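**Student:** Mind looking over this structure? Questions follow.
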Amino acid sequence: MKHDHLRILLEVARHGTFSTVARQRNVDPSSISRVVQSAERELGVRLFQRSTRQVVLTEAGDAYLSHVSRLLEELDAASNSVREFAQRPKGTLRVTASVAFGQACVVPLLPEFLARYPEIRIELILADGNLDMLTERIDLAVRLSPHMGNDVVRVKWFDASYRICASPDYLRRHGAIQCPEDLRSHKCVLFGLPNHQSEWWITGQSSRAQHIEVVGAAIVSNGLAQRALTLAGVGPALMPIWLINDDLAAGRLVDVLPDCAAVPADFDGGAWLLYPGRTFLPAKTRTIVDFLLSKAKQQGSPQEGKGA
């Protein structure tokens, strides 16, 4: 039986007439009568005694509608509770990011977010592999690539710049890197993604992009490990500025081609917010997306301005 029909039965019991219920619902009284008759046929009992002036519950009707009333109250409470997730930021928010990127760019913003929205609980999953957003119930993925299937919404968070760096000790031992072609004779510390490993696009003052193939002394799957090996003098590396800005400022790393811009081949060079679908987006997801976008608008990359 339809929920609205159950509500009509309760309204008839409360008002004692079909006409009053019909008037309040702006329908013909015969439609209210048909709802009552249909319910009685379905249940096999008479719910109301009718007279020309009044409609009165039978004993069976009173027993039935007492249960219905409680059930509808619980249903209304459940519906209101669920609607709050769409209307008010609350509940558990599952967010994923890569380990290095999450620690550098996401974690520093969470205290302010959690203080502003105390009814939200964050579950932050730092993983360098791309988690399946559906099976892992991920509300928001913060990634350095927008390529994560066709069933997600992609919003650019900020543009991430990259630098080619080496430690001062490495440069003392192996000599300065004065132009992009010099990289071909060095063993680099590479990030373990396809193409990212061995192909870099480098643009100099001429604005002409050069495709440089590099070889690796080490290939790693984590930005923090790449940074650590580069600091230890293993070789040059192409790394995002948010990861190494403080090291450049302190002189622990040297930007070997300061007049050149560089990106890994087939890589976007931006930070992206990805979430499943626009329809019925929970308030908690909409809130953190808006929050992160506002922070990027205020201060650019979360790491820009630190250090140098």
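The values are calculated or read from the model by the stated rules, or taken from the named source; none is laboratory data. From a predicted model like this one, the values you see are computed outputs, not experimental measurements. Neighbour counts run over all protein chains shown; Cβ positions are idealised from the backbone, glycine included.
**Student:** Within region 1-108, which helices (runs of 4 or more DSSP H) (wholly inside it) include 2 or more residues that are touching a residue at least 60 places away in the same chain (Cβ under 8 Å)?
**Tutor:** 3-15, 59-87
**Student:** Take Q24 and decide whether it is more than 30 Å from W242 (Cα to Cα), out of contact with any helix residue (DSSP H, G or I) (no Cβ under 8 Å at 6 or more places or on another chain) and either β-branched (V, I, T) or outside the structural domain of L124 (by TED's automatic domain parsing) (or both). Please lay out each step first, then the result.
**Tutor:** Values: more than 30 Å from W242 (Cα to Cα): yes; out of contact with any helix residue (DSSP H, G or I) (no Cβ under 8 Å at 6 or more places or on another chain): no; either β-branched (V, I, T) or outside the structural domain of L124 (by TED's automatic domain parsing) (or both): yes.
The answer is no for Q24.
**Student:** Across region 81-92, what is the number of residues that are surrounded by fewer than 19 Cβ atoms within 10 Å (Cβ to Cβ) and modelled with pLDDT of 85 or more?
**Tutor:** 3
**Student:** Any residue that is closer than 26 Å to L140 by Cβ, at pLDDT 85 or above and aromatic (F, W, Y) - is there at least one of those in region 100-107?
**Tutor:** yes
**Student:** Also: Take T135 and tell me if it is at pLDDT 90 or above, surrounded by fewer than 14 Cβ atoms within 10 Å (Cβ to Cβ), farther than 30 Å from L6 by Cβ and of a type in the set (S, T, Y). Steps first, answer last, please.
**Tutor:** Values: at pLDDT 90 or above: no; surrounded by fewer than 14 Cβ atoms within 10 Å (Cβ to Cβ): yes; farther than 30 Å from L6 by Cβ: yes; of a type in the set (S, T, Y): yes.
In short, no.
**Student:** Related question: Being touching a helix residue (DSSP H, G or I) at 6+ places or on another chain (Cβ under 9 Å) and modelled with pLDDT of 80 or more is the filter here, so list the residues in region 273-285 that pass it.
**Tutor:** From region 273-285, those touching a helix residue (DSSP H, G or I) at 6+ places or on another chain (Cβ under 9 Å) are 273, 275-276, 280-284; that's our starting set.
Those that are touching a helix residue (DSSP H, G or I) at 6+ places or on another chain (Cβ under 9 Å) and modelled with pLDDT of 80 or more: L273, Y275, P276, L281, P282, A283, K284.
**Student:** Could you please find all residues in region 240-272 being at pLDDT 95 or above, part of a strand (DSSP E or B) and aliphatic (A, V, I, L, M)?
**Tutor:** Across region 240-272, the qualifying residue is only V254.
**Student:** Related question: What's the number of the condition V95 fails, among (1) at pLDDT 90 or above; (2) surrounded by fewer than 11 Cβ atoms within 10 Å (Cβ to Cβ); (3) within 30 Å of V289 (Cβ to Cβ); (4) not acidic (D, E)?
**Tutor:** With respect to (1) at pLDDT 90 or above; (2) surrounded by fewer than 11 Cβ atoms within 10 Å (Cβ to Cβ); (3) within 30 Å of V289 (Cβ to Cβ); (4) not acidic (D, E), V95 is out only on (2).
**Student:** Would you pick out the residues in region 214-230 that are more than 33 Å from the chain's Cα centre (by Cα) and not in a strand (DSSP E or B)?
**Tutor:** Going residue by residue through region 214-230, those that are more than 33 Å from the chain's Cα centre (by Cα) are 214-217.
Passing the criteria: only V214.
**Student:** Could I ask something else about it? Taking region 113-127, which residues are more than 15 Å from the chain's Cα centre (by Cα) and in contact (Cβ under 8 Å) with a residue 12 or more places away in the chain?
**Tutor:** R116, Y117, E119
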